[in-house]
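The values are calculated or read from the model by the stated rules, or taken from the named source; none is laboratory data. In this text, all values refer to a predicted model and were calculated from it rather than measured experimentally. Neighbour counts run over all protein chains shown; Cβ positions are idealised from the backbone, glycine included. In case anyone asks, the SASA skips ligands and DNA or RNA and just uses the protein heavy atoms, side chains included. Shrake-Rupley method; radii C 1.70, N 1.55, O 1.52, S 1.80 Å.
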Amino acid sequence: MLTPDQITAFRTNGYLVVEDVLGPDVLDPVRADYAQLLDDLVEGWVAKDALNIALSAGFEDKLIAAYAAGCDWFQPMDISLPGEQITPDTPMHFSKPVFDMITSKRLLDLVEDLIGPEITSNPIQHVRIKPPATLLRDDEARAHVTATDWHQDRAVALEEADQTDMVTIWIAITDATLENGCLQVIPRVNEMLPHCPQRQTAIAPGLIDHARALPLPVRAGGIVVLDPMIPHSSLSNHTDGIRWSFDLRFNRTGQPTGRSHFPDFVARSRADPGSVLRDWSAWRTSWEDARARLSATPHIDIHRWASDAPYCA
């Protein structure tokens, strides 16, 4: 999947943009899946007079109108449980089209080129749908909805995964441009930087040289691959439309995920093909079981950084 030059560039710089990884055969079912999910949510909100929009409106119009009306679609659309307290009915979304995207051959071929053939789908994963910045509420702090602050993926996992062989795969569902909020990176960083609980868990103030920031536009179906040590953030969405992506991680099987209380699964194995999860409904059930278990136990903090650390003052 990747050429030797691409692999070398990734090892050197800590990031790689690869266009045309996923085609309509993978992305169109995901888009249809989310359109149906939003239709169901909107129908409920309209019935409760929480939202006033025609049921025939398009996906983007419904999404933007729902956000403006205060109807929260993010958690019902997310492919993870939240970092705060989990309840027995916390909404989440696990479907066959999303599972097929995560386990698509071209995607796993690319991951194999970087971390080897024993691949686990890491549970640190999210959908990211960014409405226009002009519509965001002043108190909007969710990184999956607003612009994401500078951080390293190694640092927002727990310490258990500090030595794990891992890559982040950022999938563009819509074109990601300078105008609508593409990713930006600081290349060639190989040390863990201190983070602080800010609007999000973010690199401590004063440690980012913004002059080195490199934006990474990518077309729909393309991906950005990130080493877990590379600082990255997203730009704000200054268009009238949405910017939509998925943020996935994969790690070498048998190594800690950084979220051991959330379920992972083996996505590919040359050594033990029978260990590979092929039933998407079993994936969904594993998250439902985790939700039931975690809702009955004390909250598990997913962040390691303390606000009273000297570099956070």
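Name the residue that is farthest from the chain's Cα centre (by Cα), counting only residues in the stretch 157-205 that are small (G, A, S) and not in a loop (DSSP other than H, G, I, E, B).
Applying the first criterion (small (G, A, S)) to the stretch 157-205 yields 157, 161, 172, 176, 181, 202, 204.
Then keep just the ones that are not in a loop (DSSP other than H, G, I, E, B); that gives 161, 172, 176, 202.
Working: A161: 17, A172: 11, A176: 14, A202: 16 Å.
Here the residue is A161.
Which residue out of F74, F94, F99 is aromatic (F, W, Y) and more than 27 Å from H299 (Cβ to Cβ)? That would be F99, the only listed residue that is aromatic (F, W, Y) and more than 27 Å from H299 (Cβ to Cβ).
Going by the structure shown, is A282 open to solvent by 10 Å² or more (accessible area, probe 1.4 Å), modelled with pLDDT of 95 or more and part of a loop (DSSP other than H, G, I, E, B)? So that I can check it myself, show each step before the final result.
Values: open to solvent by 10 Å² or more (accessible area, probe 1.4 Å): yes; modelled with pLDDT of 95 or more: yes; part of a loop (DSSP other than H, G, I, E, B): no.
No.
Checked against the criterion of being on the phi > 0 side of the Ramachandran plot and surrounded by fewer than 22 Cβ atoms within 10 Å (Cβ to Cβ), the stretch 232-252 contains not a single residue that satisfies it.
Suppose we keep only residues that are of a type outside the set (A, V, I, L, M, F, W, C) and crowded, with 21+ Cβ neighbours inside 10 Å within the stretch 112-128. Which one would you say is farthest from F265 (Cα to Cα)? By that ranking, first place goes to R128. Taken over the stretch 148-169, residues that are touching a residue at least 60 places away in the same chain (Cβ under 8 Å) and either touching a helix residue (DSSP H, G or I) at 6+ places or on another chain (Cβ under 9 Å) or open to solvent by 10 Å² or more (accessible area, probe 1.4 Å) (or both) amount to 14.
Only a single criterion out of (1) open to solvent by 40 Å² or more (accessible area, probe 1.4 Å); (2) farther than 28 Å from I129 by Cα is not satisfied by D264, namely (2). For first residues located in the stretch 229-254 and acidic (D, E), partners that are assigned to a loop (DSSP other than H, G, I, E, B) and open to solvent by 10 Å² or more (accessible area, probe 1.4 Å) and lie 6+ apart or on another chain with Cβ distances below 9 Å form the pairs D247/H144. Just to be sure before I move on: is P24 open to solvent by 50 Å² or more (accessible area, probe 1.4 Å), within 25 Å of V111 (Cα to Cα) and in contact with an Asp or Glu (Cβ under 9 Å, 6 or more places away or on another chain) in the structure I sent? Answer is no for this residue.
Kindly establish whether V46 is open to solvent by 30 Å² or more (accessible area, probe 1.4 Å), closer than 27 Å to D138 by Cα and touching a Leu at 6+ places or on another chain (Cβ under 8 Å). Let's see the steps before the verdict.
Values: open to solvent by 30 Å² or more (accessible area, probe 1.4 Å): yes; closer than 27 Å to D138 by Cα: yes; touching a Leu at 6+ places or on another chain (Cβ under 8 Å): yes.
Criteria met by V46.
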